[in-house]
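Visitor: First the structure, then my questions, so here it is.
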Amino acid sequence: MILSDTRILEEIEKGTIIITPYDRECLGSNSYDVHLGKTLATYNDETIDAKKHNAITYFDIPDEGIILEPQKFYLGVTMEYTETHAHVPFLEGKSSTGRLGIDIHATAGKGDVGFCGNWTLEISVKQPVKVYKGMPIGQLIYFPVEGEIEISYDKKKNSKYSHQPDRPVESMMWKNKF
């Protein structure tokens, strides 16, 4: 079951969902629209090694926008900082974004109860497309959780992405033991 707009508003009022900045106009019937932040990043090396801490280069999107290329992989970030303390948040692309050939996540659309931070986006495009900071890029939907949460994500010792900043965060796969 997905939370409706009235339930999302109730949860915001209770403080179990936090969205900053918040704009009532971005609340849909059962989702909240999020926007592309000002910073993008790309990996420095052509080959990314899952066992290595791969460096990234940050760059800001100019006011006139920037063209994303299909042969590149971009990390972006939501303009919005969110906290979700009692629900499972899912980040999905908007239909308007998809119709431009923009994918905003490769696999990481689900958050955990206790996720706090800006969302890193895993952006790829089907053809060259110009994007702008502040443009609607995705939507958050919230699912209730059945049962007690033993340890929320923000309290786990091994959570690698809690309290993400307002710029993209590279893969922390290298912190896993394999």
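The values are calculated or read from the model by the stated rules, or taken from the named source; none is laboratory data. Computed from a prediction, not measured in an experiment: that's the story for all the values here. Please note: Cβ atoms are built from the backbone with ideal geometry, for glycine as well, and neighbour counts cover all protein chains shown.
Visitor: Which of the following residues is among the hydrophobic types (A, V, I, L, M, F, W, C) and out of contact with any Phe, Trp or Tyr (no Cβ under 8 Å at 6 or more places or on another chain): Ile104, Ile141?
Guide: Answer to the check: Ile104.
Visitor: If you don't mind, another one. Quick check on this structure: which one of Phe90, Phe73 is in contact (Cβ under 8 Å) with a residue 40 or more places away in the chain, touching a Lys or Arg at 6+ places or on another chain (Cβ under 8 Å) and of a type in the set (Phe, Trp, Tyr)?
Guide: Exactly one of Phe90, Phe73 is in contact (Cβ under 8 Å) with a residue 40 or more places away in the chain, touching a Lys or Arg at 6+ places or on another chain (Cβ under 8 Å) and of a type in the set (Phe, Trp, Tyr), namely Phe90.
Visitor: Could I ask something else about it? Any residue in segment 133-156 that is under 16 Å from Asp23 (Cα atoms) sitting within a Cβ distance under 6 Å of a residue that is among the hydroxyl-bearing types (Ser, Thr, Tyr)? List the pairs, counting only those 6 or more apart or interchain.
Guide: Ile137/Thr97; Gln139/Ser31; Leu140/Tyr32; Ile141/Ser31
Visitor: Here is a further query. Consider Tyr58 against the criteria (1) surrounded by 14 or more Cβ atoms within 10 Å (Cβ to Cβ); (2) part of a strand (DSSP E or B): it satisfies all of them except one. Which criterion is unmet?
Guide: (1)
Visitor: Need the failing condition index for Ile123 against (1) in contact with a Phe, Trp or Tyr (Cβ under 8 Å, 6 or more places away or on another chain); (2) modelled with pLDDT under 95, just the number.
Guide: Failed condition: (2).
Visitor: Quick one: which strands (runs of 3 or more DSSP E) lie wholly within segment 1-47 and hold at least 2 residues that are modelled with pLDDT of 95 or more and more than 22 Å from Ser96 (Cα to Cα)?
Guide: The strands (runs of 3 or more DSSP E) meeting that bar are 17-20, 39-43.
Visitor: I'd like to know if segment 130-148 contains one or more residues that are among the basic types (Lys, Arg) and farther than 17 Å from Thr42 by Cα.
Guide: There is no residue in segment 130-148 that is among the basic types (Lys, Arg) and farther than 17 Å from Thr42 by Cα.
Visitor: Would a scan of segment 103-121 turn up a residue that is out of contact with any helix residue (DSSP H, G or I) (no Cβ under 8 Å at 6 or more places or on another chain), of a type in the set (Lys, Arg) and assigned to a loop (DSSP other than H, G, I, E, B)?
Guide: Taking every residue of segment 103-121 in turn, none turns out to be out of contact with any helix residue (DSSP H, G or I) (no Cβ under 8 Å at 6 or more places or on another chain), of a type in the set (Lys, Arg) and assigned to a loop (DSSP other than H, G, I, E, B).
Visitor: Here's a check for you: in segment 61-93, which residue that is among the acidic types (Asp, Glu) and part of a strand (DSSP E or B) is surrounded by the fewest Cβ atoms within 10 Å (Cβ to Cβ)?
Guide: Looking at the filtered set, the residue picked out is Glu92.
Visitor: So, of the residues in segment 26-47 that are over 26 Å from Leu68 (Cβ atoms) and without any contact (Cβ under 8 Å) to a residue 40 or more places away in the chain, which turns out to be surrounded by the most Cβ atoms within 10 Å (Cβ to Cβ)?
Guide: Selected residue: Leu27.
Visitor: Restricting the search to segment 94-147, which residues are within 16 Å of Asp33 (Cα to Cα), aromatic (Phe, Trp, Tyr) and buried (at least 17 other Cβ atoms within 10 Å of the Cβ)?
Guide: Trp119, Tyr142 - these are the residues of segment 94-147 that are within 16 Å of Asp33 (Cα to Cα), aromatic (Phe, Trp, Tyr) and buried (at least 17 other Cβ atoms within 10 Å of the Cβ).
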